[in-house]
Ligand SMILES: [Zn+2]
């Protein structure tokens, strides 16, 4: 990390903090003036909204203390107030998943190179103005960053300090923009809509979660089958909020009333923090696009590395992250050591995506964090991913009705042959996608028993692609190289 860059970042941060402080001051005055009007407006609205207002008001102290980047912990506390017992249930769910992860340590599939979990993403871009209608290119860059960081392919992992290198974790998650909508129609995985917050002064905010409302924002696609991401302006009023997400819930012993509404599951990111090198960025420390990596960590069940509560007392529940007393306020301070660990005393792991360190210093999840996310995907989000086993170059095989499926030659230049042999007739769809998850070519082949399909790839640019072959229930997936 270039020292001058860090200095300029910190300087920028200081002026940013001052600006936020001023903004918050004006905001408090505005809120005071708006209070009466707001309550009158709210008398015809559900009680929840009134509670929301009171909660927002009581939380201002917290928000006025500085630059705030993620409200995931706060929205859990708010849900706990709305549905008493919610937080305890989240904790119980985490404990159950952790027990499963611990029991399978050593034999786990997390690091098995041949099993990939394909996770379809739908991005709801809900705009209020023009610049928050972010371009597709930012969305593609975000998918690329997510795949890079979750799979530990980030080149900046060489910056991970030696003490933490043995702890670096990796998942085989393949995030891709959904290619079909819930009705089975072709889709780009991107939805654009003009939002209509009920009270425009408050815009979209974490506590009413109104960007997911079908009228005010955009309703989710089924949250058990798609990872819904909403991109919107979370700072219509200046809170400095970059995102929030709910952890997975669904342990079998939960009371029905304790569940968060499944329609709320997903990730919400402020438009200024979405994608890599976002032109609307409010702090250079978030340029690498890791706000979404952090929020996806919450979505898969991770807590903040400093555990949000009392210094060095509350733990994040992960044993291979050092104890940490507070968040690393956009710093890259490698000398920071806020708590004394039992046994070996490690410094604070500012490299971790679940800290609030400068995103240029973040470069890892730990092995145990990866385990927790892996088991949460399997146990509490069981319908989200399609799991495929990738065999070596040239031949792909699966365990259902396929006698053989061969894709050759690989690399290929003009024609790719899809050699299909099944034990009974199937309707098959193949899709070629690029590294950003964009659909390049798709076709359905009906009533196939034995067939060699010729796919013309002469018009595609050279590079790495993936081909998915599906019978509607199962998927095989293979990397192909176009020369
Ligand atoms: Zn967070």
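Structure notes:
- Failed condition for residue 340, given (1) surrounded by fewer than 24 Cβ atoms within 10 Å (Cβ to Cβ); (2) within 16 Å of the ligand (Cβ to nearest atom): (2)
- Residue within region 192-201 that is over 19 Å from residue 274 (Cβ atoms) and part of a helix (DSSP H, G or I) present: yes
- Verdict on residue 323 being away from the ligand (no atom under 11 Å from the Cβ) and either closer than 20 Å to residue 90 by Cα or not assigned by TED's automatic domain parsing to the domain that holds residue 143 (or both): no
- Yes/no for residue 205 being surrounded by fewer than 21 Cβ atoms within 10 Å (Cβ to Cβ) and either more than 16 Å from the ligand (Cβ to nearest atom) or part of a loop (DSSP other than H, G, I, E, B) (or both): no
- Where residue 458 falls short, out of the listed (1) modelled with pLDDT of 90 or more; (2) part of a strand (DSSP E or B): (2)
- Among the residues of region 277-313, those identified as in a loop (DSSP other than H, G, I, E, B) and out of contact with any helix residue (DSSP H, G or I) (no Cβ under 8 Å at 6 or more places or on another chain) are 279, 287, 305, 306, 307, 309, 310, 311, 312, 313.
- Residue match in region 106-113 (condition: in contact with a strand residue (DSSP E or B) (Cβ under 9 Å, 6 or more places away or on another chain) and part of a helix (DSSP H, G or I)): no
- Residue 153 being away from the ligand (no atom under 16 Å from the Cβ), surrounded by fewer than 19 Cβ atoms within 10 Å (Cβ to Cβ) and touching a residue at least 12 places away in the same chain (Cβ under 8 Å): no
- Check on residue 184, modelled with pLDDT of 95 or more and either touching a strand residue (DSSP E or B) at 6+ places or on another chain (Cβ under 8 Å) or part of a loop (DSSP other than H, G, I, E, B) (or both): no
- For residue 368: the one exception among (1) within 15 Å of the ligand (Cβ to nearest atom); (2) not in a loop (DSSP other than H, G, I, E, B): (1)
- Among the residues making up region 461-483, those that are in a strand (DSSP E or B) and either surrounded by fewer than 12 Cβ atoms within 10 Å (Cβ to Cβ) or touching a helix residue (DSSP H, G or I) at 6+ places or on another chain (Cβ under 9 Å) (or both) are 463, 464.
- The residues of region 139-156 that are under 15 Å from the mean Cα position of the chain (by Cα) and either at pLDDT 95 or above or assigned to a helix (DSSP H, G or I) (or both), listed by number, are 139, 140, 141, 142, 143, 144, 145, 146, 147, 148, 149, 150.
- For region 210-231, the tally of residues that are within 23 Å of residue 377 (Cα to Cα) and either without any contact (Cβ under 8 Å) to a residue 40 or more places away in the chain or part of a loop (DSSP other than H, G, I, E, B) (or both) stands at 8.
- Looking across region 306-316, the residues that are over 15 Å from residue 346 (Cα atoms) and under 20 Å from the mean Cα position of the chain (by Cα) come down to 307, 308, 316.
- Every residue from region 239-276 that is away from the ligand (no atom under 16 Å from the Cβ), assigned to a loop (DSSP other than H, G, I, E, B) and at pLDDT 95 or above: 275, 276
The values are calculated or read from the model by the stated rules, or taken from the named source; none is laboratory data. Fair warning: this is a prediction, and the values are worked out from it, not measured in the lab. Cβ: placed from backbone, ideal geometry, glycine included. Neighbour counts: every protein chain shown.
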